[in-house]
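Reading through the structure tokens given below for one structure.
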Amino acid sequence: VPRTRILATGGASHNKKILQVLSDVFNAPVYTIDTTNSACLGSAYRAIHGLVAETNVSLADVVKLAPEPRLAVTPAAGAEEV
């Protein structure tokens with residue numbers, strides 16, 4: 001089973017303390033992307049996928065063009081015990 005990771009976007013994704021709480025609660029690393037309006041970006045990739053649907057290109061192949069998320073925080077030591 002692949003390890004869980006959290007992708008955080010929006011205004012709260014700039015607050016390290018909020019990201020740390022997410023990471024500790026879910027015992028998973030939290031990643032962010034340096035793109036504003038990430039919801040719009042996701043919609044744009046879905047639109048591109050729709051345009052090339054007849055060519056059997058998968059959404060995964062379309063999203064390979066997306067910027068790589070960067071690691072923002074990891075779970076604190078002992079977080080899984082809490």
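The values are calculated or read from the model by the stated rules, or taken from the named source; none is laboratory data. Bear in mind the structure is a predicted one, so any value in this text is a computation, not a measurement. Cβ atoms come from the backbone with ideal geometry, glycine included; neighbour counts cover every protein chain shown. Just so you know, the surface numbers come from the protein's heavy atoms only, side chains and all, with ligands and any DNA or RNA stripped out. Shrake-Rupley method; radii C 1.70, N 1.55, O 1.52, S 1.80 Å.
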Within the range 22-51, tally of residues that are loosely packed, with under 14 Cβ neighbours inside 10 Å, of a type in the set (Val, Ile, Thr) and more than 14 Å from the chain's Cα centre (by Cα): 1
Regarding the range 12-23, can at least one residue be identified that is in contact with a helix residue (DSSP H, G or I) (Cβ under 6 Å, 6 or more places away or on another chain) and not aliphatic (A, V, I, L, M)? no
Looking only at residues that are among the hydrophobic types (A, V, I, L, M, F, W, C), at pLDDT below 85 and open to solvent by less than 50 Å² (accessible area, probe 1.4 Å) in the range 54-82, which one is nearest to GLY11 (Cα to Cα)? ALA66
Quickly run through the range 9-27 and pick out the residues that are outside any helix (DSSP H, G or I) and more than 13 Å from THR74 (Cα to Cα). THR9, GLY10, ASN15
Any residue that is of a type in the set (A, V, I, L, M) and in contact (Cβ under 8 Å) with a residue 12 or more places away in the chain - is there at least one of those in the range 54-61? yes
